[in-house]
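To start, the structure under review is shown below, and the notes come after it.
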Amino acid sequence: MPDTKEGREEQARHETKRQQRRDIDQARERGDEAEPPDERPLTCHRRGCNEPATFVVIERYQEETGHGAVTAEAYLCRAHTDEESPTNLDGVYDDYVFLVEPLPEPET
């Protein structure tokens, strides 16, 4: 194939088609894989606590550097959730969030 504009464009089209075929083949191979396991921690985040996590505590606040909002999540057992309170009140802004939400019961 001569080194012309048309030749380079045709080579690029062929490479694009080859890449698309590779992507499709890889996706088909991955289609046989099992879904990844649930990434949610099963135990309380507090150090030394091995109780099952039953709540997620979410706090969204303004970062100290002023570069945007930060969202912090902690998966906690019932006892440690009772002790939890907002910790970043100096970063409160219009969209500040402090939530305590129960986790769904594990399926048996």
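Annotation for the range 48-108: chymotrypsin sites (Phe, Trp or Tyr not before Pro) lying in DSSP loop with at most 15 further Cβ atoms inside 10 Å of their Cβ are 93, 96. All other residues whose Cβ lies under 11 angstrom from that of residue 86 are scored, Lys and Arg at +1 and Asp and Glu at -1, for a net of -2.
We did not get these values from a lab; they are worked out from the coordinates using the rules stated. What you see is a predicted model; the values in this text were computed from it and never measured. Glycine gets a Cβ as well: all are built from the backbone with ideal geometry, and neighbour counts include every protein chain shown.
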